[in-house]
Amino acid sequence: WNCRRMSAPVYTEAEQKALRALFSLYDHDGSGSIAASDLEQILAKVGRDPSAAEVMLKDKDPERTGQITFEDFLSMLAAYDDEMAPAPDDVTADQKVLEFLRILDEYRLKCEEEGNYLEAARASKQLETLRRQESKRQERALRAHQVSERQDVQMAHNLQYAEFNRAWDKYMEDFDNMAQAYINQMTQRHKEMLQEFQQQLHEQIASKSVKFSKELLEWRRRQLLLAKQKNYAEAQKIKRIADMMEERERQKIDEQNRIMFARKEAQFRKQQQQELNALLKRIEARRREHLKQRALDSKRLLQRNRNVQQVLESRQSVQAQRVLAEIRATLAPQRFGGSQPFRPRMTETGSQVLGTPGSSPRGDAGGDEGEMDEAHHGSSRSGMRTSAHLSQSGASVVRGSRAPGGGDDDAAGEGAAREEAG
């Protein structure tokens, strides 16, 4: 495909970005190339005929490496588009063919007037063959043009949908980043607030006076009383008992403070977690709304694209009916002088198409370009012809030339001529 073309259609920067994004979906290892087996799927994604992949690979990957770079893919796609896109004037009748048909129809009428019905039959058969070939050519050109239109629309839709997904992916990525930033910000603020709360709670507990039991206070009172009475031995005994009792009560008070500290800290942490959960809930709800809106927008976009395709197909159907009717009307026999009396044409083109004896126009089984080109460029060898000379040269056209794709009809005509001559 790439070897057969001289220049490829140039894709815009946006189209190349969309194609590269689609290409990267199949570039699993990020090497910049894809497997040749994925080419059919990509062609289907961009609205091209997947069966063209085999022909593309023959030209682009003759050694069967199994890998295709993005540049290769772009050149193959451009070559395919260039191959499939018909010229605008392909859907119109070829004026050289019409001129040839008109001259051949005049020759048929001349043979009919002169009573040469065998030549008239051969000319009529040749006319039908040429009309049929030209009609098929224009129908093929019309179909190719309409297929190219649908492919262009489908590719535009695919590019639009890829851009739609890329924009939404970017939006959701930004949303997730922003949500994570909010979560990190709240987490950091909670950490700082917790540290401040713990410090305040420690200071509150430390500043709180200790309240001992009445029993311990009574033992301390007795200790002091014995010391004042200078009964130091007994006072020492009482002091040891009071110290042990105070130690136990202090441990009990410390344990109660730890329990209270843990309880208040747990309550504070619970409040922070509730605040964080509320934030996460709002983020998730908002994210679901975005995903729901994305699905709705995607559905609307796909439906709009389907509507565009349906409108295009409907318009192409009407256009095909109109163009085919115009083709039939253009190639109808009356358009070439079927209802008018024969008048010898002395134009340079006409004399060369009909030819002189021994120099009939040349053609092949695949088309009438040889006849048309010679008819167009042969004016230097032709001059004014008389009516009798026109009849003789017209017979040379019918006998000596083959219409494009009409070799079997000529053979049948020659057989009929031999039978009638016999």
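The values are calculated or read from the model by the stated rules, or taken from the named source; none is laboratory data. Given the structure is predicted, the values throughout are model-derived calculations rather than measurements. Note: ideal-geometry Cβ built from the backbone for every residue, glycine included; neighbour counts use all protein chains shown. Quick note on the areas: whole protein, heavy atoms, side chains included, nothing else; ligands and nucleic acids left out. Shrake-Rupley method; radii C 1.70, N 1.55, O 1.52, S 1.80 Å.
Screening Q293, Q303 for residues that are surrounded by 11 or more Cβ atoms within 10 Å (Cβ to Cβ), polar (S, T, N, Q) and at pLDDT 90 or above leaves exactly one candidate, Q293. Given the criteria open to solvent by 90 Å² or more (accessible area, probe 1.4 Å), modelled with pLDDT under 90 and not in a helix (DSSP H, G or I), does K211 qualify? Judged against the criteria, K211 is a match. Comparison of L57, L43 shows that the only residue that is open to solvent by less than 60 Å² (accessible area, probe 1.4 Å), modelled with pLDDT under 80 and either in contact with a helix residue (DSSP H, G or I) (Cβ under 7 Å, 6 or more places away or on another chain) or part of a loop (DSSP other than H, G, I, E, B) (or both) is L57.
Right, Y161: open to solvent by 80 Å² or more (accessible area, probe 1.4 Å) and touching a helix residue (DSSP H, G or I) at 6+ places or on another chain (Cβ under 8 Å) or not? Explain how you work it out, then say what you get.
Values: open to solvent by 80 Å² or more (accessible area, probe 1.4 Å): no; touching a helix residue (DSSP H, G or I) at 6+ places or on another chain (Cβ under 8 Å): yes.
For Y161, the condition - open to solvent by 80 Å² or more (accessible area, probe 1.4 Å) and touching a helix residue (DSSP H, G or I) at 6+ places or on another chain (Cβ under 8 Å) - is not met.
Scanning the stretch 177-208 for residues that are surrounded by 12 or more Cβ atoms within 10 Å (Cβ to Cβ) and without any contact (Cβ under 8 Å) to a residue 12 or more places away in the chain, which turns out farthest from H290 (Cα to Cα)? Residue satisfying both the conditions and the ranking: Q204. Among the residues of the stretch 109-132, the ones that are open to solvent by 40 Å² or more (accessible area, probe 1.4 Å) and in a helix (DSSP H, G or I) come to 9 in all. Taking every residue in the stretch 123-141 that is touching a residue at least 24 places away in the same chain (Cβ under 8 Å) and pairing it with any residue that is of a type in the set (G, A, S), at least 6 positions away or on another chain, the pairs with Cβ-Cβ distances below 6 Å are K125/G413; Q126/A403; T129/A403; T129/G406; L130/A403; Q133/G405.
Six or more apart or on different chains, Cβ atoms under 6 Å: show the pairs whose first residue is in the stretch 256-281 and within 23 Å of F212 (Cα to Cα) and whose second is in a helix (DSSP H, G or I). As it stands, the answer is N257/I205; F261/L201, since those pairs meet every condition given. Report yes if K230 is modelled with pLDDT under 90, open to solvent by 100 Å² or more (accessible area, probe 1.4 Å) and under 19 Å from K264 (Cα atoms), otherwise no. Answer is no for this residue.
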